[in-house]
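These notes are about the structure you will find just below.
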Amino acid sequence: MADKREVDIAKAFGREFVKGNVPEINELRCMACRNCVNLCKKLGPNVLEIDDGVAKVARPEDCIGDGACMTACPTRAIFIMSSHNPEDPPDAP
Ligand code: SF4
């Protein structure tokens with residue numbers, strides 16, 4: 001879970017993501033370009049995969065919450081990071 005400093009930094013940049021959070025992916029906006037998948041893999045965490053034509057969080061336990069995937073997405077399909085709860089996945093707007 002994020003410490004106070006990480007939360008403060010995230011807020012200072014106007015971002016909602018902090019360590020322990022994972023990307024929410026809007027399946028309607030995703031065009032499966034793989035930008036987020038490739039960037040996350042290149043940076044190390046390798047959290048995302050294309051599954052059934054959309055990007056999905058395949059390895060949430062490896063997410064460092066930096067939000068790099070958000071910056072890579074051309075359609076803004078990823079625009080928020082939230083706590084991962086496998087029992088109750090978030091509904092992407
Ligand atoms: S960068 Fe955006 S559009 Fe491309 S695969 Fe990832 S979520 Fe989908």
Output the strands (runs of 3 or more DSSP E) that fall wholly within the stretch 8-93 and possess 2 or more residues being at pLDDT 90 or above and of a type in the set (D, E, K, R), or say none.
-> 48-51
Please list, ordered by first then second residue, the pairs with beta carbon atoms under 9 Å, 6 or more apart or interchain, first in the stretch 61-81 and polar (S, T, N, Q), second more than 6 Å from the ligand (Cβ to nearest atom).
-> THR71/LEU39; THR75/ASN26; THR75/ARG29
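The values are calculated or read from the model by the stated rules, or taken from the named source; none is laboratory data. Worth saying up front: this structure is predicted, and the values here are computed from it rather than measured. When we count neighbours, we look across all protein chains shown, and the Cβ atoms used for this are built from the backbone with ideal geometry, even at glycine.
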